Amino acid sequence: MLPAVANKKDQLRELLVSRSSYRGFSSQPVELKTLSEILYYAAGIVRVDKDNPKELRRPYPSAGAKYPLEIYPLVLYGKDIPPGLYHYDVTTHALDVLLSPVLPQELQNIWMSQQWFRKAAVIFIITAVYKRTTDKYGELGLPFPFIEAGHVVQNVYLLAQTMDIGCCTIGQFKENELISLLDINPNDEFPIYYVALGN
C-alpha cells in the first residue's frame, strides 16, 4: 500500500483534481485575448537562454528541444477575431490567416459522426512535423510528437480550467479532408490531435 495522500489545497492540486472534459458547448464566441493567453502558456516561447539566445524554451518538454508540433486554430465563433483557419506562429506569438472565412461546405467533409464539437468556439488542430525529431533520432523519434502533443493538450486543459472555459479532445477527423483544408503535404506534416474549446 502507498501512504495516504494528504488533502492539500494548493492551486495545482485542485486544478488536477477538478480537470474534466466538457462537451456542452454553446456556440458563444471566443475572445482574441483568451485565445492568445491559452496559446502562449500552452505552447509559446516562454524563456530565452541568456547565454544562448537561440535556445527558445516552451512550457512543455520536447525531445532534444526539437518541437515538432504546429498548432492551427480553427475559429468557428469569434468575438474580436473573424471565424477562419489560422496558424499559430510561435516565434512572433501571432496568428497567420490561412482561410477566412471558412465556409460550412469546406468543413462538412472533415467532421465525423460526433456533433458536439461543432458548437465549440475554436478547435486546435495539432500537426506533427516528424522530420524535426527523426533528423536527430531516426525512427526512434517517430513517437515523440504524439507524446509531446499530450503535454501541450494537458496544458490547454489546465489553462481552460483556470479560465472557466470548456475543453475536450476530439478522437478523430477525416484526415484526408483535413490535410486538404490545411493545405499541407502529408509526407512532411500530419494532423495527430484535436482539442475543442468554448463556453
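Laboratory data are not the source of any read-out in this text; all were calculated from the coordinates shown. These numbers were taken from a predicted model, which means no experiment stands behind them. Ideal geometry is used to build each Cβ from the backbone, glycine not excepted, and the neighbour counts take in all protein chains shown.
Taking neighbour Cβ counts within 10 Å as the exposure measure, how do Val102, Val152 sort from fewest upward? List each step's numbers first, then the result.
Values: Val102 17, Val152 22.
The order, fewest Cβ neighbours first, is Val102, Val152.
With a Cα cut-off of under 13 Å and a minimum spacing of 8 residues unless on different chains, the lysine pairs in the chain number 4.
Evaluated with a Cβ-only charge set (Lys, Arg +1; Asp, Glu -1), the stretch 145-199 carries a dipole of roughly 200 debye about its Cα centre, given to the nearest 20.
For Thr127, the shell of other residues with beta-carbons less than 11 Å away shows a net charge of -4, using +1 for Lys and Arg and -1 for Asp and Glu. Mean residue ellipticity, 222 nm, helices only, the chain: the sum of -39500 (n - 2.57) across DSSP H runs of n ≥ 4, divided by residue count and rounded to 500, is -8500 deg cm²/dmol. Ranking Tyr157, Ile147, Leu197 by how far each Cα lies toward the positive end of the dipole of the chain (charges on Cβ) leaves Tyr157 at the top.
Taking other C-beta atoms within 10 angstrom as a stand-in for reagent exposure, Ile184, Ile123, Ile147 fall in the order Ile147, Ile184, Ile123, fewest first. Each of Ser26 and Asp188 was given a label point 7 Å from its Cα along the Cα-to-Cβ line. The distance between the two points is 4.2 nm. Taking a span of 24 Å or more along the helix axis (Cα atoms) and a mean Kyte-Doolittle hydropathy of at least 0.5 as the rule, the DSSP H helices of the chain that qualify are 144-162.
In this simple spin-label model, placing a label point 7 Å from the Cα along the Cα-to-Cβ direction at both Leu98 and Arg13 gives a separation of 4.2 nm.
Applying both filters, DSSP loop and at most 16 other Cβ atoms within 10 Å, to the GluC sites (Glu not before Pro) of the stretch 1-56 gives Glu31, Glu55. Counting neighbouring beta carbons within 10 Å and listing from fewest to most, the residues Arg118, Arg47 come out as Arg47, Arg118. Mind giving me the FRET efficiency for Asp49 and Gln105? R0 is 41 Å, r the Cβ-Cβ distance, nearest 0.05 is fine. Plugging the Cβ-Cβ distance into 1/(1 + (r/R0)^6) gives 0.30. The H on the amide N of Ser62, modeled in the peptide plane, is under 5 Å from the matching H of no residue at least 5 residues off or on a different chain.
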